[in-house]
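Since the structure comes first, as structure tokens, the remarks are kept for the end.
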Amino acid sequence: MNTSPINLLFRFFQNKNDVSISLQGNIFDKFYGKILGFDEFMNLVLGDAFQINKNGGEIFLGNLLIKGDCIAIISLENKLK
């Protein structure tokens, strides 16, 4: 099965999945939330976003814009709270 990145991102958006995002050059911090919108450059708006740092501390951020050229990994999140 051949899935393009933008189609996978659109599926996460349509299904209102929780996603985990890792940024390039920052392997310790991750961002979690629901994708509220995106564009052709894969710039993302996350809703109810929060950050988890390397010590496990959570910081609630609310709505968050992440530039597409900074994103290293986007994955479905099954984080248990």
Report task. Step through the residues of the stretch 28-34 one at a time and calculate ³J(HN,Hα) from phi using the Karplus curve (6.51 cos²θ - 1.76 cosθ + 1.60, θ = phi - 60°), rounding each to whole Hz and writing x for Gly and Pro. Result -> 8, 8, 10, 10, 10, x, 9
Requested in this report: Calculate one ³J(HN,Hα) per residue across the stretch 40-52 by plugging θ = phi - 60° into the Karplus curve 6.51 cos²θ - 1.76 cosθ + 1.60, and present them in order as whole Hz with x for glycine and proline.
Outcome: 5, 8, 6, 5, 10, 10, 9, x, 6, 7, 9, 10, 10
Report task. Per DSSP H run of at least 4 residues, take -39500 (n - 2.57); add these up for the chain, divide by its residues and hand me the 222 nm value, nearest 500 deg cm²/dmol. Result -> -3500 deg cm²/dmol
Report summary line: Any residue on another chain or 5+ positions along whose placed amide H is under 5 Å from the amide H of Leu36 is listed here as Val45, Leu46, Gly47
Report summary line: For the chain, the longest principal axis of the Cα atoms and the Cα long axis of helix 5-14 enclose an angle in degrees, to the nearest 10, of 70
**Report entry** Contact order relative to length of the chain, as percent, for alpha carbon pairs under 8 angstrom and 6 or more apart
**Finding:** 29
Report task. Over all directions, average the projected area of the Cα convex hull of the chain and note it in nm². Result -> 5.6
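Bear in mind these aren't lab numbers, they're just calculated from the coordinates by the rules spelled out. In this text the structure is predicted, and so the values were computed from the model without any measurement.
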